[in-house]
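A short write-up of the structure that comes next.
The values are calculated or read from the model by the stated rules, or taken from the named source; none is laboratory data. Bear in mind the structure is a predicted one, so any value in this text is a computation, not a measurement. Glycine also receives a Cβ, built like all others from the backbone with ideal geometry; neighbour counts cover every protein chain displayed.
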Amino acid sequence: MIMLDTPFGSEYHLGMSVWNKILLGLICVISLGFFHAAARTVKTYQYWANKANDFEKRLKEVNAEIVSLRTADHKSPRADKTIGVQQLRIDLGRVLANRGRIWPRCEKQKAAVAPSGTMEVKVSTEESVPNDKMLLYVFEEGDDQLPGKYLGEFYVKAVGEKQVVLASTTQLVSSLSKHVTESKSPWVLYEMMPTDEHEAFANLTEDQKNWFANLPGDQKKWGLVDKSERPLRDYLEIFRTCEMHRTLFADRRESASRDLSYLEAASQEAKNQEALAEKEKTQVKKELDWAKAELTAVADLFASRQDRLKEFQMLVKDAIAKNHEYAQEIAKLQKDASDKIDSRMRSMAQFGSRAN
């Protein structure tokens, strides 16, 4: 290297050496950044490679689950004892074939009690009811939050364009009549009463089974026992029996209410009689006190009169004795006078005979 002999030569070489060190330091620092970026790139590749493997594994599981959801049946159910869509469609078709016709989303327009005591209801329907005189079983449309109520057994009395007049087959008890008149939900009309099936409670989850396990008594049979053990229920017979018992209960309740009214009236009358007796008792007590006061006064008067009577008796006795004495004296005087008169008369008679 040719070194220029200048005044600034040594300073120039010293400055270049410093800048080379600075450049080398910057290269090292930048190399560390690139090394970190390369390490992050490798880490990211490994992460997404693992994710891709997991997604491929999950995709296979989901595809298998989709196949299971599509093809599982009663003989080969899924792991959670549920069945697939194809079997559900077959079961649904069988259920729809056995349930008869239904008329959903019916709206109550007017409800009134006929003179015969039956309930007549005018209902609007989206589909016309084909003929009259057919029996229909009426329910409210409900959901999980607000289940619908059974409203009763009706027959078609009259049919119009997208409306029908229903009449109850029996005189509805007060509870059913109240449900019909106060119902505001859409109605569902069933040609046949819904039937009970084992499949209704066959595919319960563990939480549902635990919920059923906490129910008392025979209610456990609804979902926990084997199909062959749980008896199927005839809902039509149950509803009719319940309606009969409600009717009997309503009659007994009305009879008990009447008896209670009679007893309350009799009790009130007894209370009135008791109040009147108390009033009479108070009056009689006052009269008794007055009579006792009069009796005391009369007794005092009687005692004073007894003393006066004794005095009068003594006076009368003395008067009688004096009267007796006076009578004896009068009798003596009368006898003396009579003797004197007789003596004078004899004297006069003797004198007269002599004169003749």
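If the condition is being touching a residue at least 40 places away in the same chain (Cβ under 8 Å) and of a type outside the set (Asp, Glu), then the range 47-84 contributes Lys81, Thr82, Ile83.
Every residue, every condition in (1) loosely packed, with under 14 Cβ neighbours inside 10 Å; (2) modelled with pLDDT under 75; (3) aromatic (Phe, Trp, Tyr); (4) over 24 Å from Ile83 (Cα atoms), yes or no:
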{"position": "Ser185", "(1), (2), (3), (4)": "no, no, no, yes"}
{"position": "Val225", "(1), (2), (3), (4)": "yes, yes, no, no"}
{"position": "Ser228", "(1), (2), (3), (4)": "yes, yes, no, no"}
{"position": "Asp234", "(1), (2), (3), (4)": "yes, no, no, yes"}
{"position": "Glu243", "(1), (2), (3), (4)": "no, no, no, yes"}
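Exactly one residue out of Tyr155, Tyr150 is in contact (Cβ under 8 Å) with a residue 12 or more places away in the chain, surrounded by fewer than 19 Cβ atoms within 10 Å (Cβ to Cβ) and touching a Leu at 6+ places or on another chain (Cβ under 6 Å): that is Tyr155. Ile66 meets all of the listed conditions (1) among the β-branched types (Val, Ile, Thr); (2) within 30 Å of Thr82 (Cβ to Cβ); (3) more than 60 Å from the chain's Cα centre (by Cα) but one, namely (3). Consider Ala250 carefully, then state whether it is part of a helix (DSSP H, G or I), of a type in the set (Gly, Ala, Ser) and free of Cβ contacts under 8 Å to residues at least 60 places away in the same chain. So Ala250 fails the test. Considering (1) among the polar types (S, T, N, Q); (2) assigned to a helix (DSSP H, G or I); (3) under 30 Å from Val164 (Cβ atoms), the lone condition that Asn63 does not fulfil carries the number (3).
The condition (being out of contact with any Asp or Glu (no Cβ under 6 Å at 6 or more places or on another chain) and modelled with pLDDT under 85) is satisfied by just one residue among Gln328, Gln306, Gln313, Gln350: Gln350.
Among the residues in the range 9-17, are any modelled with pLDDT under 80, of a type in the set (S, T, N, Q) and more than 30 Å from Gln86 (Cβ to Cβ)? Yes, the range 9-17 has at least one match.
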